[in-house]
Amino acid sequence: MTLSQMSGVRPTKGYLMEMKRRIGFIERGCEFLKLKRDHLAKELSASLDILKGRRKLLLNNLKEAYDALTAAYISLGPTEVDSQASSVKSALQLEVLPRSVMGVRYPYVKIISKPQITTDLDITLARAAEKIYEILEELVQLAEYEARAERIADELGKTNRKVNALENTVIPNYKQVIKFIGSKLDEESLEELVRMKRIGGALASRRK
Amino acid sequence: MKLDLTYVVIRTHARIANLLNHQQTQRLTESKDVQEFLDRLAETSYGRISIEGAEVVPIALERVFYEKFLERVLKIVDLTPQKIGDFLQTYYYLRFETLNLKRIIRGKFSGLTSEKIMESLVPINPYLVPSYKELADSASVGEAVNRLKGTPYSEVITKLKLYEQYEAIWPLELALNHVFAKAIFEAVKTLPERDRRIVYNIVEYEADIENFLVAMKQRQGSKSGANLEEMFPATYSISLEKLREVIETKDLKKVIESLGESYAKVLSPIYTGDVALIRTGLRRHKYETVTSGKAINAFGFNVIMAYLVYSEIEKDNLVGVGWGKAQGVSSQDLMKYVVIPRPS
């Protein structure tokens with residue numbers, strides 16, 4: 001804290017006690033934030049591991065689904081595939097609900113209804129549709145994990161910045177203010193002592 | 001202009017020689033994109049194909065290849081003696097009309113506009129129905145099917161109850177398949193006795209494989225609730241009992257092997273999961289059937305049938321390769337599904 005910033009500080013005992021109360025509160029808050037940061041880091045690390053695994057799995061399944069769809073198109077022709085695909089009436093219905101970890105809200109996707117893909121489709125197309133549907137489910141889950149990881153990472157960043165700000169700026173500033181007030185008060189009490197001693201000396205010499 | 005059969009057969013031999021060979025097909029699959037595919041196709045008997053202004057390139061290409069194939073059918077129908085010409089017209093036009101009726105029903109089922117439905121049809125004039133447009137303009141599936149009254153497809157109307165019961169169009173599609181098979185077997189009777197075998201071989205084998213694939217779908221848990229007689233109105237070498245076994249057995253391999261070598265060979269991709277290869281196998285079987293028919297009688301109907309089957313296989317190949325090139329599918333992946341009618 002600079003000298004100019006110190007200018008608003010009232011070097012009184014009451015203010016010093018208020019500052020000490022505040023710094024105690026801030027330090028406790030900082031401890032809590034550190035705990036939150038550690039927990040979020042743990043959650044993020046777990047989410048990233050899951051994401052990594054699921055992405056790898058998804059890429060394999062995506063290749064399989066793409067191959068199955070390619071085979072269906074080559075085998076039936078694009079018009080027939082489009083015509084058969086249009087006969088699938090029921091669509092994939094999703095509901096996005098909120099969930100929370102350490103106060104961080106992320107979307108949770110619930111599958112309400114699945115498309116009925118096999119009844120009217122040719123077996124080639126039905127196989128491709130099944131594989132694509134599996135991927136859709138995986139994609140939905142992956143999106144959920146990505147959103148979760150992203151939000152946790154965001155919150156982790158914010159928490160980390162708060163902890164750093166508290167540890168490196170706010171708390172040292174408060175400590176400086178406390179130190180400043182303490183030294184001001186010491187100075188004042190020393191001055192007071194000297195003044196008292198001088199007054200005492202003057203009174204004693206007058207009595208003589 | 002009707003010509004003498006021997007003369008038509010000789011001309012057909014020359015037409016077979018004009019089909020794309022292995023090298024040309026391979027070269028087409030190796031094109032880096034649709035433009036190169038079209039450039040390479042321009043060097044063949046197809047000449048330059050224009051698809052300018054096409055909204056969806058693979059669909060426009062598919063339409064062009066269908067038109068080219070139908071031109072070939074019409075040319076042959078035009079030249080061949082009356083009975084053979086009539087049969088061939090019935091065989092191909094009825095098949096494509098059945099496909100068109102299925103697409104109209106699907107379109108109505110999914111609520112597509114009349115224009116969209118018309119765009120999806122194989123480019124032929126109505127054969128046994130008065131108008132496709134009228135059917136596509138119907139307000140519902142029921143209305144479209146009821147408009148088939150008085151046509152050879154009127155049997156389909158009786159399946160409307162099943163359609164409503166299961167809320168699915170498969171009973172209507174199966175009824176159309178049945179009408180097609182019945183009409184073909186009726187039409188084939190107009191051919192001389194010695195020429196019928198090749199048609200029976202193709203139609204029955206194809207129906208057997210399609211029945212098997214429908215049974216496979218039931219096996220995968222797609223329970224339609226229908227009984228087997230409803231589901232398979234026409235069975236040939238793969239009996240209803242065998243189809244029941246396909247649905248219920250745990251050892252599918254054993255059932256497939258019991259169907260005989262010819263079926264086991266075509267159905268073998270089922271073990272690897274690439275069911276599309278079954279259709280490739282079916283095409284190959286058709287190719288082999290007509291090729292051996294052609295070898296038995298190189299100066300008769302078999303040659304004409306072989307040419308049309310080869311042409312249709314070529315059309316299917318080009319549709320697949322055209323789509324594949326628009327999607328950037330590699331030559332290796334495309335060649336898996338290609339059956340080449342004419343070796344280099």
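The values are calculated or read from the model by the stated rules, or taken from the named source; none is laboratory data. Here the structure is a predicted model, which is why all the values come from computation and not from measurement. All Cβ positions, glycine included, derive from the backbone under ideal geometry; neighbour counts span all protein chains shown.
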| said: Checking A:I50 against (1) within 14 Å of chain B (Cβ to nearest Cβ); (2) under 14 Å from A:L142 (Cβ atoms): exactly one of these is not met. Which one? | reply: (1)
| message | Looking at A:E138, A:E191, can you tell me which residue is acidic (D, E) and within 30 Å of A:S47 (Cα to Cα)? | response | A:E138
| Looking at (1) more than 36 Å from the chain's Cα centre (by Cα); (2) closer than 16 Å to A:E130 by Cα; (3) not charged (D, E, K, R), which is the one condition that is false for A:A91? | (1)
| note | The correct count of residues that are within 27 Å of B:R72 (Cα to Cα), free of Cβ contacts under 8 Å to residues at least 60 places away in the same chain and either of a type in the set (A, V, I, L, M) or more than 10 Å from every other protein chain (Cβ to nearest Cβ) (or both) in the stretch B:101-150 is 15
| note | Checked the stretch A:111-148 for anything farther than 19 Å from B:L174 by Cα, assigned to a loop (DSSP other than H, G, I, E, B) and free of Cβ contacts under 8 Å to residues at least 24 places away in the same chain; matches are none
| said: List pairs: first residue in the stretch B:70-99 and closer than 23 Å to B:K182 by Cβ, second residue modelled with pLDDT under 90 and of a type in the set (D, E, K, R) anywhere in the structure, Cβ distance under 7 angstrom, at least six positions apart or on different chains. | reply: B:Q82/B:K2
| Among the residues of the stretch B:176-191, how many are in contact (Cβ under 8 Å) with a residue 40 or more places away in the chain and either surrounded by 21 or more Cβ atoms within 10 Å (Cβ to Cβ) or in a helix (DSSP H, G or I) (or both)? | 11
| note | Residue set B:E164, B:E173, B:E143; condition surrounded by fewer than 18 Cβ atoms within 10 Å (Cβ to Cβ), of a type in the set (D, E) and at pLDDT below 95; output residue B:E164
| Only one residue in B:Y271, B:Y205 is of a type outside the set (A, V, I, L, M) and either away from chain A (no Cβ under 14 Å) or surrounded by 17 or more Cβ atoms within 10 Å (Cβ to Cβ) (or both), so which one is that? | B:Y205
| query | With respect to A:L69, is the statement that it is closer than 18 Å to B:D274 by Cβ, within 13 Å of chain B (Cβ to nearest Cβ), of a type outside the set (G, A, S) and in contact (Cβ under 8 Å) with a residue 60 or more places away in the chain true? | reply | yes
| Filter result (among the hydroxyl-bearing types (S, T, Y) and more than 14 Å from every other protein chain (Cβ to nearest Cβ)) within the stretch B:31-80 | B:S31, B:T44, B:S45, B:Y46, B:S50, B:T80
